[in-house]
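Below is one structure, written out as structure tokens; comments come after it.
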Amino acid sequence: MKIAGFTIIKNAVLNDYPIVEAVKSILPMVDEMIVLIGDCADETVALIESIQDPKITIHHSQWDPALRSGGAVLAVETNKAMQYISADADWAFYIQGDEVVHEQYHATILNACAAFKDQPEVEGLLFKYLHFYGTYDYVGDSRTWYRNEVRVIKNDRRIQAYKDAQGFRKQGQKLKVKAIDAYVYHYGWVKSPEQMMKKQKAFSKLWHSDEALSAYMAQPDFFDYSQFDSLDIFRGTHPQVMQARIARSNWPVSFDPSKKQFSIKDRLLYYFEKATGIRPFDFKNYRLLR
């Protein structure tokens with residue numbers, strides 16, 4: 001069985017992406033690692049080279065500014081990265097620049113890849129998600145945050161990134177996937193308030209028209225973390241590759257998880273989900289095989 005890892009990244013240093021941690025978190029599970037680096041204004045290339053692992057192959061790309069609406073350029077670049085995957089790979093493991101996989105799930109992931117490798121009806125593996133917010137001590141637990149997404153797919157050229165590359169489609173159809181008991185830790189919302197707003201403004205260039213972008217860029221250079229609907233305290237452990245980054249964090253942000261900021265409708269849906277585990281009206285970018 002052969003597994004290829006792949007990712008895209010641009011301006012990881014300027015925007016403080018944990019891309020090194022992301023790549024390192026899946027390296028023990030993959031046989032090759034494709035890193036497609038966009039046209040950067042920082043030392044992203046040197047950052048990836050510093051990992052110094054023979055599995056890693058760096059490729060370069062120019063991001064098309066005309067594709068910024070809705071984050072379409074992210075799917076285009078992800079599809080480019082997939083083209084570099086070796087033809088003999090059975091699976092492709094996609095990791096985004098702010099996602100990390102805990103080492104405690106490596107065996108589960110590898111076992112699932114082995115179990116479903118020769119089952120053509122299984123086109124991908126579905127992961128659970130933890131979305132950290134503000135600091136490494138809190139996770140979003142409301143409908144604001146997606147609960148699941150596909151991160152391992154069969155190495156099939158008919159599979160393409162969908163919309164902003166959050167998920168995948170096969171010839172326009174949702175992938176048929178098996179759910180596995182493994183989490184992706186999403187750290188995209190954990191930065192100092194200053195760095196968070198800097199990253200938000202940079203990322204907004206991939207989404208907004210000139211008029212909307214102008215209004216967004218006029219906001220203060222300080223992200224207001226108080227605008228959350230619901231958080232919970234994280235009681236688990238972080239991946240080993242994240243420990244040094246966590247130790248360097250020094251911004252004084254704290255929250256009261258008992259504080260909930262919901263509309264009446266969202267409050268009812270929130271407590272219904274907590275009581276039953278069911279999330280009504282949840283969008284699923286996949287077809288779950290039982």
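What follows draws every value from the coordinates through simple rules; no lab data is involved. Computed from a predicted model, the values in this text were never measured in an experiment. Note that we place each Cβ from the backbone using ideal geometry, even for glycine, and neighbour counts take in every protein chain shown.
Once C-alpha pairs closer than 8 Å and six or more residues apart are averaged by separation and normalised to the residue number of the chain, the relative contact order reads 21 percent.
In the chain, helices alone account for a calculated mean residue ellipticity at 222 nm of -7500 deg cm²/dmol, with every DSSP H run of four or more residues adding -39,500 (n - 2.57). Would you please classify the overall shape of the stretch 21-98 from the alpha carbon gyration tensor, given that a ≥ b ≥ c denote the square roots of the eigenvalues, rounded means a/c under 1.5, and beyond that prolate means a/b larger than b/c while oblate covers the rest? The shape class here is oblate.
Centroid-to-centroid, using Cα positions, the stretch 27-45 and the stretch 100-121 are 22 Å apart.
For semi-axes √(5λ) of the Cα gyration tensor in Å, one of [x] 38, 33, 17; [y] 32, 25, 18; [z] 28, 24, 20 was computed from the structure I shared and the rest are decoys. Which label? This structure yields the entry labelled [z]. The stretch 245-290 and the stretch 126-150 have Cα centres lying 7 Å from one another. Shown for Arg68, Arg157: other C-beta atoms within 10 Å of each C-beta, ranked fewest to most, produce the order Arg157, Arg68. Taking other Cβ atoms within 10 Å as a rough exposure proxy, Phe281, Phe255, Phe223 sort from fewest to most as Phe281, Phe255, Phe223.
Can you tell me the length gained on complete extension of the stretch Gln243 to Phe262, counting 0.36 nm per residue apart and subtracting the Cα distance? Spell out each step's value before the answer.
Details: separation 19, 0.36 × 19 = 6.84 nm, distance 3.34 nm.
Roughly 3.5 nm would be gained on extension.
In summary, the lysines within cross-link reach of Lys55, defined as a Cα separation below 19 angstrom excluding same-chain residues under 8 places away, comprise Lys2, Lys24, Lys80. Placing +1 on the Cβ of every Lys and Arg and -1 on the Cβ of every Asp and Glu, with no other charges, gives the chain a dipole of roughly 1020 debye about its Cα centre. Remark on Lys10: its backbone amide H falls under 5 Å from those of Gly38, a criterion applied only to residues 5 or more positions apart or on other chains, H modelled at 1.01 Å from N. When Asp88, Asp164 are sorted by how many other C-beta atoms sit within 10 angstrom of their C-beta, beginning with the fewest, the order is Asp88, Asp164. Under 5 Å between amide hydrogens, built in the peptide plane, is the criterion, and for Val184 it picks out Lys128, Tyr129, Leu130 among residues at least 5 positions away or on other chains.
The listed peptides 99-110, 24-35, ordered by packing as a protection proxy, come out as 24-35, 99-110 (highest mean of other Cβ atoms within 10 Å first).
Extending 7 Å from Cα along the Cβ direction at Asn111 and again at Trp145 yields two label points whose distance is 2.6 nm.
Between Lys2 and Lys274, the modelled labels are 5.0 nm apart [label points 7 Å from Cα along Cα→Cβ].
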